[in-house]
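The structure appears below as structure tokens.
The values are calculated or read from the model by the stated rules, or taken from the named source; none is laboratory data. In this text the structure is predicted, and so the values were computed from the model without any measurement. Glycine also receives a Cβ, built like all others from the backbone with ideal geometry; neighbour counts cover every protein chain displayed.
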Amino acid sequence: MNQKYASTVAYYLAFILLGLMIAAEGPTLLKLAEHTSSALDQISSLFLFGSLGYLLGSYIGGRLYDRVPGHRFMAGVLIFVGITIALVPLASSRWVLFTVALVSGLFKGALDVGCNTLLLWVHNETVGPFMNGLHAFFGVGAFIAPLIVAQVLSATGDIYWVYWLFAILSFPLAIWIWNLPSPASRAVPAHHVSAPFPILPVLIMVLCFVLYVGGEAGYGAWIYTYAFTLNFGTEVTAAYLTSAFWGAFTLGRLFGIWFSTQARPITILILDFAGCILSVGLILLFPQSSFVLWLGTILFGISQASIFPTFLTLAEERMHVTGTIAGLFLVGAGIGGMILPWLIGQAFVQVGASAMMAMILVGIILNWLMLILFTKVSLRPSPVTESAAIAD
């Protein structure tokens with residue numbers, strides 16, 4: 001297999017694993033609360049600690065990928081991901097669990113930024129469809145994870161083997177990536193050499209990632225508890241609803257691979273945000289309808305699917321994305337994944353489950369406004385970059 005495509009397949013497999021680990025947190029949350037004798041608002045701090053580790057790992061990892069052989073570093077990250085994820089169901093104390101989540105998040109963040117950055121370096125200007133493909137495989141893992149949880153719960157009554165299976169999968173992948181030659185970091189394009197660091201565009205794009213990942217992580221993590229708390233079904237039914245969200249998410253990202261070759265990033269994002277607002281709005285308008293919950297969940301998954309990779313493609317179109325800048329974007333993602341899921345957990349107890357959808361809708365609208373602001377202040381692409389983006 002061509003080295004470029006062997007590396008791409010390795011990143012895709014790593015993203016399946018990442019999707020498995022992240023999407024399993026929501027459906028296993030009630031069991032983790034049981035293991036640690038925690039109330040729902042207490043166990044929701046798991047998202048705070050995991051995401052704090054994620055953003056630290058994203059920032060530190062982004063800087064390291066600019067400085068060390070990428071595949072050797074990623075292989076080491078996968079080893080530690082496997083070790084830490086295996087410890088999650090063994091924690092019998094809330095603070096032990098939070099510590100494990102913090103350390104595990106550190107390595108997950110480094111894995112995330114590594115796959116995104118190295119894929120950019122491998123494919124350069126033609127990265128658009130491959131980036132959508134990468135994030136589609138995250139959706140594959142996220143779709144499968146609740147199904148695994150449901151089957152393991154049915155077979156064993158607990159969640160130990162959910163996490164242990166993910167740990168086992170990380171080790172052969174680490175060996176494969178270790179043996180692949182690392183891609184060279186890209187030279188800065190001539191038209192960016194003398195340009196100052198784009199502080200304002202990077203800051204706004206970081207805020208876009210904060211809001212987007214907050215919505216994605218908040219919905220994926222809490223839709224299980226939302227459906228179960230409001231009596232829309234049993235634990236297994238709620239797990240299947242979570243899987244429906246991630247399955248729709250995966251289909252949206254697969255469709256996004258083709259769509260990214262037909263439309264500009266800004267066009268794709270406008271359509272995505274319109275779909276997100278419509279889907280959550282429907283659930284808020286018909287809060288007692290199981291059919292609308294399923295319909296809105298599927299539409300929300302499809303609409304959210306291509307936002308993350310399209311943000312990256314849009315940023316690459318308008319500035320030179322180094323490992324450090326990609327790391328900052330993932331720091332934003334980590335902050336979003338930390339804050340909104342935690343806030344939703346507090347709202348579940350203080351206000352009620354219905355507050356979840358209102359919070360997510362507000363985040364989507366703010367995200368859309370940040371996107372508009374980014375297009376106004378970001379660097380104008382050069383003619384070469386512009387034509388390459390259209391060719392994508």
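In segment 109-119, is there at least one residue being assigned to a helix (DSSP H, G or I) and surrounded by fewer than 19 Cβ atoms within 10 Å (Cβ to Cβ)? Before you say what the answer is, go through the steps one by one.
Here is the first cut: in segment 109-119, the residues assigned to a helix (DSSP H, G or I) are 109-119.
Then keep just the ones that are surrounded by fewer than 19 Cβ atoms within 10 Å (Cβ to Cβ); that gives none.
No, segment 109-119 contains no residue that is assigned to a helix (DSSP H, G or I) and surrounded by fewer than 19 Cβ atoms within 10 Å (Cβ to Cβ).
Just a yes or no: is a residue in segment 185-200 modelled with pLDDT of 85 or more and surrounded by fewer than 24 Cβ atoms within 10 Å (Cβ to Cβ)? I'd like the intermediate steps shown before the answer.
Pass one, segment 185-200, residues modelled with pLDDT of 85 or more: 200.
Retained after the next criterion (residues that are surrounded by fewer than 24 Cβ atoms within 10 Å (Cβ to Cβ)): 200.
Yes, there is a match, as at least one residue in segment 185-200 is modelled with pLDDT of 85 or more and surrounded by fewer than 24 Cβ atoms within 10 Å (Cβ to Cβ).
If only one of Gly128, Gly141, Gly133 is within 17 Å of Ala14 (Cα to Cα) and surrounded by 24 or more Cβ atoms within 10 Å (Cβ to Cβ), which one is it? Full working, then the answer.
Details: Gly128 fails: within 17 Å of Ala14 (Cα to Cα); Gly133 fails: surrounded by 24 or more Cβ atoms within 10 Å (Cβ to Cβ).
Selected residue: Gly141, the only one of Gly128, Gly141, Gly133 that is within 17 Å of Ala14 (Cα to Cα) and surrounded by 24 or more Cβ atoms within 10 Å (Cβ to Cβ).
Being β-branched (Val, Ile, Thr) and surrounded by 21 or more Cβ atoms within 10 Å (Cβ to Cβ) is the filter; apply it to segment 226-267 and report the residue that is farthest from Phe15 (Cα to Cα). Spell out the reasoning first.
Within segment 226-267, the first condition is being β-branched (Val, Ile, Thr), and the residues that meet it are 229, 234, 236-237, 242, 250, 257, 261, 266-267.
Narrowing the set further to residues that are surrounded by 21 or more Cβ atoms within 10 Å (Cβ to Cβ) leaves 242, 250.
Numbers: Thr242: 19, Thr250: 12 Å.
Filtering first and then ranking leaves Thr242.
So for segment 77-96 (the condition being among the basic types (Lys, Arg), surrounded by fewer than 19 Cβ atoms within 10 Å (Cβ to Cβ) and assigned to a helix (DSSP H, G or I)), does at least one residue qualify?
Filtering segment 77-96 for residues among the basic types (Lys, Arg) gives 94.
Checking which are surrounded by fewer than 19 Cβ atoms within 10 Å (Cβ to Cβ) leaves us with none.
No, segment 77-96 has no match at all.
Return only the number of the condition from (1) of a type in the set (Val, Ile, Thr); (2) without any contact (Cβ under 8 Å) to a residue 40 or more places away in the chain; (3) part of a helix (DSSP H, G or I) that Val68 does not satisfy.
That leaves (3) as the condition not met.
Working only within segment 331-365, note down all residues that are modelled with pLDDT of 90 or more and not aliphatic (A, V, I, L, M).
Correct list: Gly363 only.
Return the pairs, sorted by first residue and then second, in which the second residue is among the aliphatic types (A, V, I, L, M), the first residue lies in segment 360-371 and is within 20 Å of Ile223 (Cα to Cα), the beta carbons are less than 6 Å apart, and the residues are 6+ apart or on different chains.
Sorted first by the residue in segment 360-371, then by its partner, the pairs are Ile360/Val280; Leu361/Val280; Gly363/Leu211; Ile364/Ile277.
Please determine, by comparing only the residues of segment 298-327 that are hydroxyl-bearing (Ser, Thr, Tyr) and not in a helix (DSSP H, G or I), which one is nearest to Ala248 (Cα to Cα).
Step one: list which residues in segment 298-327 are hydroxyl-bearing (Ser, Thr, Tyr), which gives 303, 306, 310, 313, 322, 324.
Checking which are not in a helix (DSSP H, G or I) leaves us with 306, 322.
Numbers: Ser306: 11, Thr322: 31 Å.
So, considering only residues that are hydroxyl-bearing (Ser, Thr, Tyr) and not in a helix (DSSP H, G or I), the one nearest to Ala248 (Cα to Cα) is Ser306.
Among the residues of segment 124-152, write down those that are more than 16 Å from Ile16 (Cβ to Cβ) and modelled with pLDDT under 90.
Hits for segment 124-152 are Asn124, Glu125, Thr126, Val127, Gly128, Pro129, Ala150.
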